[in-house]
């Protein structure tokens with residue numbers, strides 16, 4: 001499929017309206033993995049592309065007793081390990097010299113006083129704006145205390161008379177359930193206004209996820225058929241071939257439902273199903289996403305079976321070798337009932353999608369690592385070419401690949417050359433890499449830049465977070481009432497048998513990407 005790159009009107013409107021103002025980013029948890037593997041490398045790429053403002057400064061905050069130079073040394077090692085260019089050159093040194101460190105304890109008030117003094121000095125010497133971003137890359141258990149420390153020290157101020165602003169970026173998970181999410185929101189809102197709070201979900205920064213709205217709304221041929229009259233069902237898959245690795249202790253607390261469904265998959269569902277916003281602006285887009293989550297039909301167990309299936313991987317073959325069962329992983333209880341696989345059948349009680357099922361699935365130790373959205377359209381109403389031909393005719397399918405090979409595929413029926421009527425499914429493929437001949441920005445690069453320019457479109461609002469948790473709590477309630485254990489599935493397969501039963505009748509079946 002030949003494609004000609006053109007200006008993306010939705011994205012261009014967002015990007016061209018503002019450039020980042022000089023500011024300081026404070027990273028809480030600066031000694032951790034997220035900072036070294038994602039945040040600072042993303043900031044470095046933006047720096048190399050000239051997209052960071054003059055005087056931009058990063059202040060790391062953690063319990064380590066590091067000097068500024070020791071922090072810079074650890075970051076330099078991380079940039080070199082990531083294979084990023086120019087780290088040892090004058091350009092790389094210029095970036096490293098913009099990094100500073102403030103040792104401190106999240107729970108101690110004097111640490112925030114020291115932080116404020118350092119920030120005031122940076123404003124005087126480098127930044128000259130007073131603009132600040134506080135990034136919570138620390139364990140979720142510290143979020144409330146950090147928010148309180150910032151508030152009590154006077155660092156949580158909204159925009160002042162001189163126009164200086166303060167923003168706080170909160171990493172997922174946003175709580176463990178509806179009540180804890182509401183409590184966290186209450187603490188954040190006590191010290192910060194909602195427009196200052198940026199709840200980040202890196203999935204929403206991926207190129208193909210952003211392209212969902214552009215694909216629908218910038219192409220007149222698709223939006224008219226994006227509804228119950230033409231769509232049979234939608235599948236959203238986030239599959240991982242890895243196990244829990246060294247995260248067994250964390251996974252025992254979270255499980256696949258909390259770790260993936262509540263944030264990533266439900267947010268992608270909201271983008272697929274939402275109504276066109278009145279404008280491509282943060283609040284308009286987030287209003288429509290919240291309406292979708294509000295329309296989620298509560299999970300249930302009825303005559304068509306449960307709407308939620310959970311599984312747990314057993315021993316098997318994955319990545320070309322034998323692997324152990326989840327219950328044999330380090331940090332996992334030998335009798336664990338934690339789910340490593342979830343499949344859901346979701347219905348939306350609204351006009352556009354009435355009775356169109358959305359099937360969501362995510363799991364560990366599946367055959368391959370892939371994330372995709374598949375929209376399957378209804379079959380033609382008449383067997384125009386004869387019943388034998390019609391039986392073998394595959395329905396039209398639109399697949400949006402989010403990772404690892406970003407792109408879009410459209411499947412349709414075509415006549416096979418010859419004197420008789422034979423129909424064969426063919427595909428048109430679009431690949432980001434080959435069509436645009438440039439590197440797609442990392443999700444964190446895009447979201448960090450959005451935060452710096454004050455664009456909250458791709459960040460989660462408090463009502464959407466709580467609505468997603470309310471649905472997830474309903475699923476957990478079903479499982480607790482049922483009392484059964486997760487269904488085992490062999491590592492390297494596409495999940496438990498129950499997930500296939502979830503598809504119901506009408507010939508539906510899970511895709512094998």
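Using 0.36 nm per residue of separation minus the Cα-Cα distance, give me the extension gain between residue 324 and residue 227 in nm, one decimal.
Numbers: separation 97, 0.36 × 97 = 34.92 nm, distance 4.33 nm.
Result for the pair: 30.6 nm of gain on full extension.
Where does helix 178-191 land angle-wise versus the long Cα axis of the chain, in degrees 0 to 90, nearest 10? Approximately 30 degrees, to the nearest 10.
Remark: spin-label model distance residue 217-residue 434 equals 3.0 nm, labels positioned 7 Å along the Cα→Cβ axis. Restricted to Cα atoms, the chain shows a radius of gyration and a Dmax of 24.4, 85 angstrom. If you take the square roots of the eigenvalues of the alpha-carbon gyration tensor of segment 11-171 and sort them as a ≥ b ≥ c, do you get rounded (a/c under 1.5), prolate (a/b over b/c) or oblate? Oblate, since a/c reaches 1.5 and b/c is not below a/b. Using the alpha-carbon centroid of each, what span in Å lies between segment 181-210 and segment 396-438? After rounding, the separation between the Cα centres reads 36 Å. Going from the fewest other Cβ atoms within 10 Å to the most, the residues 503, 25 appear in the order 503, 25. Taking the centroid of alpha carbons for each part, segment 303-349 and segment 447-501 are 14 Å apart. The angle between the Cα long axis of helix 143-152 and the longest principal axis of the Cα atoms of the chain comes to about 40 degrees, rounded to the nearest 10. Can you work out the base-10 log of I(q)/I(0) for segment 410-455 at q = 0.13, 0.19, 0.28, 0.30 1/Å, using the Debye formula on its C-alpha atoms alone? Log10 I(q)/I(0), no solvent term: -0.57, -0.75, -0.95, -0.99. Site pair residue 63 and residue 141 shows an inter-label distance of 1.0 nm when each label is modelled 7 Å from Cα along Cα→Cβ.
If you stretched the chain out fully between residue 349 and residue 405, how much longer would it get, using 0.36 nm times the residue separation minus the C-alpha to C-alpha distance? Don't skip to the answer; put the middle values down first.
Values: separation 56, 0.36 × 56 = 20.16 nm, distance 3.31 nm.
Net length gain for the segment: 16.8 nm.
Would you work out the relative contact order for segment 11-171, in percent, from Cα pairs under 8 angstrom that are 6 or more residues apart?
Rounded, it is 29 percent for segment 11-171.
Segment 122-141 and segment 215-264 have their alpha-carbon centroids 33 Å apart.
By how many nm would the segment from residue 378 to residue 478 lengthen if fully extended, with 0.36 nm per residue of separation less the alpha-carbon distance? Can you show the working numbers first?
Numbers: separation 100, 0.36 × 100 = 36.00 nm, distance 3.11 nm.
Between residue 378 and residue 478, full extension yields 32.9 nm more.
Which order results if 124, 190, 431, 233 are arranged by neighbouring Cβ count within 10 Å, fewest first?
Working: 124 9, 190 12, 431 15, 233 19.
Ranking 124, 190, 431, 233 by Cβ neighbours within 10 Å, fewest first, gives 124, 190, 431, 233.
To make sure I understand, if each residue's beta carbon is the centre and we count other beta carbons within 10 Å, what order do 471, 112, 326 fall in, fewest to most?
Working: 471 20, 112 23, 326 28.
With the fewest neighbours first, 471, 112, 326 line up as 471, 112, 326.
Each stretch of four or more DSSP H residues adds -39500 (n - 2.57); spread over every residue of the chain, this sum gives -9500 deg cm²/dmol at 222 nm.
Throughout, read-outs are computed from the coordinates displayed, never taken from laboratory work. All values derive from a computational prediction rather than experimental measurement. Methodologically, a virtual Cβ is constructed for each residue, glycine included, from the backbone with ideal geometry; neighbour enumeration extends over all protein chains shown.
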